[in-house]
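Below: one structure, written as structure tokens.
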């Protein structure tokens, strides 16, 4: 039984829908930039009149929306929310779907070890996320160049933003997987996914408003803050390493919990 192929076939429709949705989101934002580019300076002036706390909450402090890269940085925040929801959704459903549908006994009856089952499921989810990642890359590189209107921008900074997606996805995928194994049963994957993603985003906003570095440590939205990357042309390396630590801890913890878990079955 090829679990990897089976899992990927089951998720391909979801992957296509998420990929199209994110591509359309990028298209809409870049089309908006093209429309407002001649008056973008006025938009910056309007932003300057906004409360600093509001700009901090949305990570827009010091962001120059008159530049194509600055406007893409604004769009990238919404891209992060979308890909985080997709990754968290896959993470929470990775193991819980069999328990919810009461089909775990069929899977576990096969002559395959639990670590192998979890590995195949995890690789299938990563494959789906990678496809969405590639769509974001292609769409972003094409549309930023098309709608830049001849305006120069730092390609290296754009690539840094895009490179951050893979680790960002893995954080929500693996943390979602770990949480699903820590709770008795995940009855509503979407509710858990939205709680995790928007909870992390709200923590990011409050951390910015309050200037609390402790909150920044918790949320991946601060580990890969597009405003920071665009402003510095580099990652906040200590924050990135925290995300990597989250992934490693979540993966190790998930394997330990899954191998010992008392799986709910139809029996």
Quiz item: Yes or no: residue 249 under 20 Å from the mean Cα position of the chain (by Cα) and at pLDDT 95 or above?
Solution: yes
Quiz item: How many residues does the stretch 180-191 contain that are surrounded by fewer than 20 Cβ atoms within 10 Å (Cβ to Cβ) and in a helix (DSSP H, G or I)?
Solution: 3
Quiz item: If you go through the stretch 128-137 one residue at a time, how many are surrounded by 14 or more Cβ atoms within 10 Å (Cβ to Cβ) and out of contact with any helix residue (DSSP H, G or I) (no Cβ under 7 Å at 6 or more places or on another chain)?
Solution: 1
Exercise. Within the stretch 227-251, work out how many residues are part of a helix (DSSP H, G or I), in contact (Cβ under 8 Å) with a residue 60 or more places away in the chain and over 23 Å from residue 126 (Cα atoms).
Key: 4
Exercise. Identify all residues within the stretch 28-49 that are out of contact with any helix residue (DSSP H, G or I) (no Cβ under 6 Å at 6 or more places or on another chain) and modelled with pLDDT of 85 or more; write none if there are none.
Key: 28, 31, 32
Quiz item: Does residue 69 satisfy the condition of being surrounded by 15 or more Cβ atoms within 10 Å (Cβ to Cβ) and either in a helix (DSSP H, G or I) or modelled with pLDDT under 80 (or both)?
Solution: yes
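The values are calculated or read from the model by the stated rules, or taken from the named source; none is laboratory data. What you see is a predicted model, and the numbers here were worked out from it, not measured in a lab. Cβ atoms come from the backbone with ideal geometry, glycine included; neighbour counts cover every protein chain shown.
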